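Here's the structure, in structure tokens; my notes come after.
The values are calculated or read from the model by the stated rules, or taken from the named source; none is laboratory data. None of the values given here were measured: they were computed from a predicted structure. Glycine gets a Cβ as well: all are built from the backbone with ideal geometry, and neighbour counts include every protein chain shown.
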């Protein structure tokens, strides 16, 4: 099954806040995801359609060894080739939002091949109801168990405790059939596999403000007030925050927004060992080891929320191509008319993660399947909208 870009449609489906899903909608979403895990892909490794989607995300991150704002150097035996080399194809540049809009839509269309009524719900990370809804055994599964990590910082620094481990019960436990391909489940800092089981270190509900859920609503509201695309992209992805007084703060060892959610679900902390300059962040769970993160189905809800915020920002008078990155300011693959890997006609070839060659796990992509950021700017052309925009959509 070659995953082509879906044509525009007159039928608009609504992506809903996860807390508003009915019991049937939750069941249908879970069933469609788990069905994709059973459908054969097109690659030479004979893994599932779902695993091919994971491989796309993993491959996108092999084009630049400097990850997480340079805090981690991705181990890589075989470098990438082609014009996309030198910049992560999907993160930390202007294409973060266009790339994930396209990627998320392809996932959604795959779900709809199972059940045409299914859409991807979004996780409003500032909604205090969300965590209990998402991490229910009967929906996307529980926190991991059996592992407590104590990270002590030298010279009287703080001590951080993470509780979690393998997810052993619920819909996305290995006991319930959710088995991860080890080669597509690599630790971003060491390239060692995390194994076949989904791993979570979900932040404690008693975590101090700023280190747990929900995220600050006022800060989230400020995202859609960003004055330009470059600021908006960095703000929603989590490289910066804009404070209530309008000042800007870099989010370094403690990430913000989208990046923070990855950390709070998967467990990421600053490295207390200053000698390990190649990985200044330690990541322990599936979704925080970002090449592997789509192995955790929570990934899709997180990115639907980032896309929703972009759609809301665009809807507020910023929906044209002039409301994108300033021409010539981005690395290749991220400018308005650049081809985005893997929908680039085969121009660029991803590298490895450690010694693992990602290429045999990738889906077959037609040479005619070309997508540029400019092709993604109108979310409505994909056939979906969000419940927060429904009343304003023509």
TODO: Can you work out which of the residues in segment 21-51 that are at pLDDT 90 or above and loosely packed, with under 14 Cβ neighbours inside 10 Å is farthest from residue 129 (Cα to Cα)?
DONE: 46
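Working only within segment 140-161, note down all residues that are more than 30 Å from residue 27 (Cα to Cα) and in contact with a strand residue (DSSP E or B) (Cβ under 9 Å, 6 or more places away or on another chain). Spell out the reasoning first.
Narrowing segment 140-161 to residues more than 30 Å from residue 27 (Cα to Cα): 148-161.
Within segment 140-161, 148, 149, 150, 151, 152, 153, 158, 159, 160, 161 meet the criteria.
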- [ ] Collect the residues in segment 221-249 that are out of contact with any helix residue (DSSP H, G or I) (no Cβ under 6 Å at 6 or more places or on another chain), closer than 23 Å to residue 203 by Cβ and either in a loop (DSSP other than H, G, I, E, B) or modelled with pLDDT under 95 (or both), keeping them in residue-number order.
- [x] 239, 243
Open item on the list: Criterion first (in contact (Cβ under 8 Å) with a residue 12 or more places away in the chain, in contact with a strand residue (DSSP E or B) (Cβ under 7 Å, 6 or more places away or on another chain), farther than 20 Å from residue 307 by Cα and part of a loop (DSSP other than H, G, I, E, B)) does residue 78 satisfy it?
Closed with: yes
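Residue by residue, here is whether (1) part of a helix (DSSP H, G or I); (2) touching a residue at least 60 places away in the same chain (Cβ under 8 Å); (3) under 21 Å from the mean Cα position of the chain (by Cα) holds:
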| residue | (1), (2), (3) |
| --- | --- |
| 31 | yes, yes, yes |
| 35 | yes, yes, yes |
| 38 | no, no, no |
| 42 | no, yes, no |
| 46 | no, no, no |
| 52 | yes, yes, yes |
| 59 | yes, yes, yes |
| 62 | yes, yes, yes |
| 69 | no, yes, yes |
Open item on the list: For segment 145-170, give me each residue that is in a loop (DSSP other than H, G, I, E, B), in contact (Cβ under 8 Å) with a residue 12 or more places away in the chain and over 18 Å from residue 211 (Cβ atoms).
Closed with: 145, 146, 154, 167, 168, 169, 170
TODO: Quick one: count up the residues across segment 337-394 that are in a helix (DSSP H, G or I), touching a residue at least 24 places away in the same chain (Cβ under 8 Å) and out of contact with any helix residue (DSSP H, G or I) (no Cβ under 7 Å at 6 or more places or on another chain).
DONE: 7
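The rows are residues; the columns are (1) at pLDDT below 95; (2) assigned to a helix (DSSP H, G or I); (3) surrounded by 19 or more Cβ atoms within 10 Å (Cβ to Cβ); (4) in contact with a strand residue (DSSP E or B) (Cβ under 7 Å, 6 or more places away or on another chain).
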| residue | (1), (2), (3), (4) |
| --- | --- |
| 178 | no, no, yes, no |
| 183 | no, yes, yes, yes |
| 191 | no, no, no, yes |
| 197 | no, no, yes, yes |
| 206 | yes, no, no, no |
| 210 | yes, no, no, no |
| 219 | no, yes, no, yes |
